[in-house]
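Read through the structure below, which is laid out as C-alpha cells, and then see the notes.
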Amino acid sequence: MTDFTALTDAQGVTTVTWDVPGKSMNVMSLAGFAELNGLIDAALADPAVKGIVITSGKKDFAGGMDLNVIAQMRAGGPQAIFDGVMQMHGVLRKIERAGMDAKTLRGGKPIAAALPGTALGIGLELPLSCHRIFAADNPKAKIGLPEIMVGIFPGAGGTTRLARKLGAMMAAPFLLEGKLSSPRDAKSAGLIDEVVAPEDLLAAARAWVLAASDADLVKTWDAKGYKMPGGAPYHPAGFMTFVGASAMVLGKTMGVYPAAKALLAAVYEGALVPFDTALKIEARHFTSVLMNPSSSAMIRALFINKEALEKGANRPAIDDQSVRKLGVLGAGMMGAGIAYVSALAGIEVVLIDSTQEAADRGKAHSEALLDKGVKRGKVTAEKKAEVLARITATTDYAALQGVDLIVEAVFEDPKVKAEVTRKAEAAAGPDAIFATNTSTLPISGLAKASARPEQFIGIHFFSPVDKMNLVEIIRGKETGPRAVAKALDFVRAIRKTPIVVNDARFFYANRCIIPYINEGIRMVAEGVEPALVENAAKLVGMPLGPLQLVDETSIDLGVKIARATRAAMGADYPDGAVDEVLFWLADQGRLGRKANAGFYAYSEKGDRLGLWDGLGPKYPLDKAQPSLTDVQHRLLFAQVLEAVRALEEGVLTDIREGDVGAILGWGFAPWSGGPFSWLDMIGAKRAVDICRGLTAQFGPRFHAPRLLLEMADKGDTFYGRFGAGKQAA
Ligand code: NAD
C-alpha cells in the first residue's frame with residue numbers, strides 16, 4: 001500500500017495519483033514524499049515519458065502536511081528540521097526544473113497539477129512547483145496556505161514561490177492571513193492557472209502536458225530579467241509594501257506570533273537573493289519557528305485538540321443522538337442566533353417567544369444575516385428561502401410536539417426559566433432533552449424545575465452566536481450521558497467546538513474572564529495608567545484589553561454579576577474595589593459600547609475614540625507606575641489560576657478543553673496554546689514563584705493553588721501529568 005502510484009498512457013503521459021490508503025483526505029508524510037520523489041525520478045528518466053500529471057484519487061487533492069511529521073522533525077532538533085526541509089525543497093525544485101538543461105532551460109518534461117477539490121498547505125505548495133495548475137470547478141473546494149493559523153508558515157517553498165508569483169503585496173492575504181479561496185477566486189488571484197469542469201480535469205491537464213513548449217516550463221523567477229511583481233524591497237514600490245506590511249503585521253500580532261514575523265522576514269530577505277538562496281532562507285526561518293514552543297502549542301490546541309473535541313473525544317459511547325427538530329425558547333439576542341445557526345445546519349426549528357411579534361423579530365435576525373450573505377454572493381436566494389422555511393416562529397408551545405432537543409434562552413431569571421421548562425417539557429415528548437443557555441445560574445438548581453433532571457443540561461453559547469465557535473456544555477449533578485451525547489451531536493451538527501464541564505459558578509469560560517476584567521478595573525482604581533493596562537494585555541496577545549472587553553459586554557451586566565456574586569459569597573467577596581468603579585460608571589449611564597460611553601469614549605456613530613478622560617480626575621494616576629511585566633503577570637495570572645482551580649475542583653476534566661475553550665471562548669493569548677500550555681512553557685516552579693510575588697504585593701487572590709504547588713515540587717507539566725500531552729505535536 002503506497003500513497004502515490006504512477007501509470008503511463010499510450011501517449012507517454014504519466015499520471016501520478018496521490019491516494020493515501022485508509023484516509024478520506026490526503027496528507028503528506030515523509031514516506032509519501034520519498035515515494036513521490038522516486039516516481040518523479042523514474043518518469044523523468046524514462047525516455048518514453050513525455051510529461052507528468054499529478055492528481056489525487058480522492059475527491060480532494062490534499063489537506064496538508066501530516067502534523068506528526070512536524071512533531072518528528074522537531075524531535076530531531078534544528079539541524080534535522082533544516083535538513084528535512086531542504087530535502088523537500090530539493091524534490092519540489094526537481095519537479096520545477098523537470099530535467100531541463102540548467103543553462104538553456106530547454107528539454108524539460110512538462111508537469112501539471114490537477115486538483116479535483118481542496119488543496120491546502122503542502123497540497124498547494126506541491127502544485128506551485130508544477131508548471132501549470134488545473135482545478136476542477138468545485139465551489140466547495142478550498143485552496144490556500146492556512147499554516148499561519150496554527151502558528152507556522154508555508155515552509156515547503158510556498159512562501160517563496162507565492163511571493164515571487166504574485167508579488168509581496170498580492171501574496172500577503174494568502175501568506176499572512178491564511179486566506180482560503182474557491183477555485184474560481186484562486187484563479188482570479190493568480191494562485192492557480194485554470195478552472196475546468198470536473199469531468200474534464202484530467203483530460204485538460206493531459207492535453208496541456210502534450211502541447212506544452214520549452215518556454216511554458218520556465219518559471220518567471222528562473223527566466224532572465226525576473227522582477228518581483230509590485231517591486232522588490234530595494235525598488236521604491238516594493239519598499240513601500242514592506243514598510244506597510246511590517247507595520248500591519250506588528251499592529252495585528254503585537255509581535256507575539258513568531259510565525260508572522262519570520263514569514264515576513266523570509267519574504268523580504270528572499271526577495272533580495274536568487275531563488276535557490278531564497279529557499280534556503282525560507283528553510284532557516286521555518287526551522288526557527290518550528291523550534292519556538294508557540295508553534296507546537298498552537299498546533300496542539302488549534303489543530304489536534306480542537307479537532308479531537310469536535311470529533312467527540314469526550315462523548316459518552318452511546319448511539320447517535322442527532323437532532324432532527326429543535327425547540328428554542330426565547331427569541332432574543334441569543335435565541336435568535338441559536339435558531340439561525342441550527343436552521344443553517346439543516347435542523348427544523350420551532351422558535352418560541354411570549355409574543356408573536358418577539359418571535360417574528362427573532363426569525364427576522366436570520367433573514368438579516370442571510371441577506372448579508374446574498375449581498376456578498378455567498379448565499380443563493382433558494383438557500384435563503386430554504387433556511388427561513390425551517391424556522392417556525394410562534395407563541396404556541398404545542399408546536400414543540402416532536403422536538404428532540406429544546407434550548408432555553410429566556411430572561412436570566414430562575415422563575416421565568418422554571419415556568420418555561422415545565423411548559424416545554426409538557427408539550428415535547430418524554431424523550432426530549434432540555435438545555436438551558438444560562439450564563440450565570442447553576443444548572444443543578446435550574447434542573448429542579450424539570451420532571452426529568454437526567455435529561456436536563458446546560459448548552460452555553462457565546463455572543464454573537466453566528467460568529468463565536470465555542471459552545472460550553474455543562475453537566476448538572478443529575479445530567480445523564482444521553483443528554484451529554486445529544487448536546488455534543490447538536491454542537492457537531494452546527495459545526496462549532498464543544499467543551500464539556502461540570503456545574504459550578506460561571507462554569508469555565510466566564511469564571512476565568514471575570515477575574516481578568518476585574519484585575520484590569522482594580523488597577524484603574526489603584527491609579528495605574530488605564531492605557532498601560534490595555535496595552536499590556538494586547539502586548540501579551542489578548543485580543544481585547546480588560547477595559548475594552550467590559551465595554552463590549554456592557555457595564556450594567558458587570559454590575560448585575562457583581563451584585564449576584566456578592567450576594568452568594570457574603571463576607572468572602574473580594575471585589576469591592578472593582579465594584580466601586582463599575583457602579584460609579586453605571587450610575588452615570590456609562591454602560592459601555594451600547595451606550596456609546598464607558599471606560600472608552602465613542603463618537604456618535606459608535607467609533608471607539610480612546611480611553612475616557614473622565615477616569616483621570618476620579619482615579620488619579622499613581623506617580624510610580626508598575627512595569628509592563630508586572631501588569632501582564634497580574635492580568636494573565638488572574639485567568640490561569642482560575643483555570644487551574646477549575647481543573648483542581650473537577651469543573652474541567654480535560655486540559656485540552658481548558659486550553660481550546662480559553663482560546664475560542666475569550667481569546668486567551670492564542671500564541672500560547674491556552675492557559676495550561678502557557679503554564680507548561682514557563683514551568684510550574686516559575687509560576688509558583690510569580691504567584692508568591694504577586695500575593696505579597698496584591699493579596700491572596702494570587703495564592704498558587706495546591707495542584708500547582710505540588711506540580712512545582714515534582715517538576716510536573718500539565719500535558720505530561722494529565723495525559724493529553726501524549727498527543728502533542
Ligand atoms: P434577551 O433579553 O435578548 O432575550 C430573552 C428573550 O426571552 C426575549 O425575547 C423575551 O421576550 C423572551 N422571553 C422572556 N420570557 C419568556 C417566556 N416566559 N416565554 C418565552 N419567551 C420569553 O436575552 P439574551 O441576551 O438573548 O439572553 C437569553 C439567555 O441567554 C439568558 O439566560 C442569558 O443569561 C443567556 N446568555 C446570554 C449571553 C449574552 O451575551 N447576551 C451569552 C450567553 C448566555
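The values are calculated or read from the model by the stated rules, or taken from the named source; none is laboratory data. Just so we're clear, the structure is a prediction, and the values are computed from it rather than from any experiment. For neighbour counting, all protein chains shown are included, and Cβ atoms are generated from backbone atoms with ideal geometry for every residue, glycine included. Quick note on the areas: whole protein, heavy atoms, side chains included, nothing else; ligands and nucleic acids left out. Shrake-Rupley method; radii C 1.70, N 1.55, O 1.52, S 1.80 Å.
Of the residues making up segment 304-355, those that are away from the ligand (no atom under 16 Å from the Cβ), touching a strand residue (DSSP E or B) at 6+ places or on another chain (Cβ under 6 Å) and either open to solvent by 60 Å² or more (accessible area, probe 1.4 Å) or in a strand (DSSP E or B) (or both) number 2. Taken together, the criteria exclude Thr436 from residues that are within 12 Å of the ligand (Cβ to nearest atom), farther than 16 Å from Gly330 by Cα and in contact (Cβ under 8 Å) with a residue 24 or more places away in the chain. Of all residue pairs spaced 6 or more apart or on separate chains, those with beta-carbon atoms under 7 Å, a first member in segment 417-428 that is free of Cβ contacts under 8 Å to residues at least 40 places away in the same chain and a second member that is open to solvent by 10 Å² or more (accessible area, probe 1.4 Å) and near the ligand (Cβ under 8 Å from one of its atoms) are Lys417/Val410.
Summed over segment 293-303, residues that are touching a helix residue (DSSP H, G or I) at 6+ places or on another chain (Cβ under 6 Å) and open to solvent by less than 50 Å² (accessible area, probe 1.4 Å) total 7.
Checking the structure you have, find out if any residue of segment 603-611 is among the small types (Gly, Ala, Ser), surrounded by 14 or more Cβ atoms within 10 Å (Cβ to Cβ) and not in a loop (DSSP other than H, G, I, E, B). Quick ask: steps written out before the conclusion?
Initially, segment 603-611 is screened for residues among the small types (Gly, Ala, Ser), giving 603, 606, 610.
Of the ones still in play, those that are also surrounded by 14 or more Cβ atoms within 10 Å (Cβ to Cβ) are none.
Within segment 603-611, not a single residue is among the small types (Gly, Ala, Ser), surrounded by 14 or more Cβ atoms within 10 Å (Cβ to Cβ) and not in a loop (DSSP other than H, G, I, E, B).
Here the condition is being among the aromatic types (Phe, Trp, Tyr), under 21 Å from the mean Cα position of the chain (by Cα) and not in a helix (DSSP H, G or I); of Phe174, Phe153, it holds for Phe153 alone. Residues that are over 28 Å from the mean Cα position of the chain (by Cα) and modelled with pLDDT of 95 or more within segment 428-441 comprise Ala428, Pro430, Asp431, Ala432, Ile433, Phe434, listed in sequence order. The number of residues in segment 398-424 that are open to solvent by 20 Å² or more (accessible area, probe 1.4 Å) and more than 13 Å from the ligand (Cβ to nearest atom) comes to 3. Just one of the numbered conditions (1) at pLDDT 95 or above; (2) over 24 Å from Gly661 (Cβ atoms); (3) not hydroxyl-bearing (Ser, Thr, Tyr) is not true of Val341: (2).
Filtering Lys467, Lys383 for residues that are free of Cβ contacts under 8 Å to residues at least 40 places away in the same chain and more than 23 Å from Asp489 (Cα to Cα) leaves a single hit, Lys383.
Just wondering, is there one or more residues in segment 622-644 that are open to solvent by 30 Å² or more (accessible area, probe 1.4 Å) and either over 28 Å from Leu694 (Cα atoms) or not assigned by TED's automatic domain parsing to the domain that holds Ile513 (or both)? No: segment 622-644 contains no residue that is open to solvent by 30 Å² or more (accessible area, probe 1.4 Å) and either over 28 Å from Leu694 (Cα atoms) or not assigned by TED's automatic domain parsing to the domain that holds Ile513 (or both). Could you run through segment 108-131 and say how many residues are among the β-branched types (Val, Ile, Thr) and under 17 Å from Leu202 (Cα atoms)? Adding up the residues that qualify gives 2.
Looking across Arg482, Arg492, Arg452, one residue alone is over 17 Å from Val328 (Cα atoms), within 28 Å of the chain's Cα centre (by Cα) and touching a residue at least 12 places away in the same chain (Cβ under 8 Å). It is Arg492. Among the residues examined, Arg284 qualifies as under 20 Å from Met73 (Cα atoms), among the charged types (D, E, K, R) and open to solvent by 70 Å² or more (accessible area, probe 1.4 Å). The set of residues from segment 597-629 being under 18 Å from Trp584 (Cβ atoms) and either aliphatic (A, V, I, L, M) or in contact with an Asp or Glu (Cβ under 7 Å, 6 or more places away or on another chain) (or both) comprises Ala597, Gly598, Phe599, Tyr600, Ala601, Leu611, Leu615, Leu621.
Which number in (1) outside the structural domain of His460 (by TED's automatic domain parsing); (2) more than 20 Å from Pro442 (Cβ to Cβ); (3) open to solvent by 10 Å² or more (accessible area, probe 1.4 Å); (4) in a helix (DSSP H, G or I) marks the one condition that Arg566 misses? Every condition holds for Arg566 apart from (2).
Within segment 377-397, if we keep just the residues that are among the charged types (D, E, K, R) and in contact with a helix residue (DSSP H, G or I) (Cβ under 6 Å, 6 or more places away or on another chain), the residue that is surrounded by the most Cβ atoms within 10 Å (Cβ to Cβ) turns out to be Arg390.
If the condition is being out of contact with any helix residue (DSSP H, G or I) (no Cβ under 7 Å at 6 or more places or on another chain) and either within 18 Å of Ala301 (Cβ to Cβ) or surrounded by 17 or more Cβ atoms within 10 Å (Cβ to Cβ) (or both), then segment 71-91 contributes only Ala71.
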